[in-house]
Each structure stands twice: as C-alpha cells, then as structure tokens.
1. If you wrap a convex hull around the alpha carbons of segment 56-111, what volume per residue comes out, as a whole number of Å³?
2. How big is D, in µm² s⁻¹, for the chain by Stokes-Einstein at 4 °C and 1.567 mPa s if Rh is the Kirkwood radius over C-alpha pairs?
3. List the lysines whose Cα lies under 17 Å from the Cα of Lys139, skipping any in the same chain that are fewer than 8 positions away.
4. Quantify, in whole percent, the carbon and sulfur part of the accessible surface of the chain (1.4 Å probe; protein heavy atoms only).
5. So for each of 15-27, 78-90, 123-135 I average, over its residues, the number of other beta carbons within 10 Å; can you give me the resulting order with the highest mean first?
6. Using a Gaussian network for the chain with springs between C-alpha atoms less than 10 Å apart, which of these wobbles most: Ala54, Ala62, Ala28?
7. With a probe of 1.4 Å, find how much accessible area segment 1-133 has per residue, and write the answer as a whole number in Å².
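The values are calculated or read from the model by the stated rules, or taken from the named source; none is laboratory data. It should be emphasised that the depicted structure is a prediction, and the values quoted were computed from it without experimental measurement. Positions of Cβ are generated from backbone atoms using ideal geometry, with glycine treated the same way; all protein chains shown enter the neighbour counts. With ligands, DNA and RNA removed, areas are computed over all heavy atoms of the protein, side chains included. Shrake-Rupley method; radii C 1.70, N 1.55, O 1.52, S 1.80 Å.
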Amino acid sequence: MDLFAGHTVTIQSHLHRLVLETSASREARIKTAQGITVRPVRDAQGAALTVDVAVPTADGPAWMELDTGNNGPTLIAAHVANLVGVKAGEDKPQPLTMPLRPGVTVRDAAIVRDLILDGDIGRGFLDHWDLTLDLAQGKGWLAPAQQ
C-alpha cells in the first residue's frame with residue numbers, strides 16, 4: 001500500500017484488481033458505497049502502510065487490519081474475543097458475525113490467537129466487497145463486490 005500513499009485506491013479482492021482512482025472516479029465510486037472508519041497504519045518502522053478498520057464493541061472500537069493477503073479465517077486477538085462474540089481458548093475455527101456498521105457485517109470463520117493487534121480481516125470478508133481507501137484523508141468505503 002505504501003506505493004499508493006496519498007492516493008485513492010479501490011481494492012477488488014475477488015477480481016485480484018487494484019484501481020487507482022481519479023477525483024471523478026472516486027466520487028462516482030463512493031456515491032453508493034457505505035463509509036467505514038479506517039486509519040492508515042505505518043508498520044515495519046514506517047516502511048509499510050496498512051489500513052485498520054474500526055470494529056464497534058461495547059468497550060469502544062477494536063482496530064483490525066484489512067488484509068488481502070489473508071486467505072484463511074479472520075484472526076481475532078484473545079483480548080477482544082468476547083467483545084466480538086467468539087470464545088478465547090478455542091483451538092478450532094468458530095463462526096463469526098461481526099458488524100462493522102449497519103448493513104456491513106463480517107461473516108467468516110474466526111480463529112482466536114494471542115496477537116498484538118486486535119484482529120486481521122482477510123479475503124473471507126473482502127472478496128464480497130469493493131474497498132475504496134482515500135489514503136491521503138484516511139477514509140474508507142465499502143460497496144458490494146462488482147462482478
């Protein structure tokens with residue numbers, strides 16, 4: 001993502017496509033999309049750019065990485081497991097239904113692990129949505145995946 005810092009991109013995970021948006025295409029793209037709360041995160045001592053999404057919980061937002069490289073189940077940190085409806089201490093995948101906002105819910109298998117971050121949402125969710133990220137403004141939108 002670091003290559004696209006300062007730009008707006010749309011990730012169409014299911015199509016294995018990344019679209020670099022113009023001002024006009026950005027406006028057209030987000031016109032019917034749903035806004036989500038995101039924050040750009042600098043990893044690897046600032047050399048890498050990732051994006052976390054806010055997951056509402058009773059104790060405030062949990063921040064989970066949006067990760068197109070995760071082809072497995074959603075990863076949930078043990079310290080937030082009960083806040084998102086899964087059990088810590090389970091070794092096998094559990095069903096996860098985790099709302100990000102009204103109309104946008106992560107429905108995936110989840111594995112609970114001891115993690116530094118709150119979680120990692122992968123392609124089990126992202127393949128169903130087109131994710132638009134304004135990396136200059138730190139804004140994000142989701143729309144049902146285009147075919």
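1. Working: hull volume 4.6 nm³, N = 56.
Spelled out: Cα convex hull of segment 56-111, divided by residues, is 83 Å³.
2. On the way: Rh = 15.6 Å.
It comes out at roughly 83 µm²/s.
3. Lys31
4. Numbers: 4020 of 7720 Å².
C and S fraction of accessible area: 52 percent.
5. Numbers: 15-27: 12.8, 78-90: 16.2, 123-135: 20.5.
Averaged packing, sorted descending, gives the order 123-135, 78-90, 15-27.
6. Ala28
7. Numbers: 6940 Å² over 133 residues.
That works out to 52 Å² per residue.
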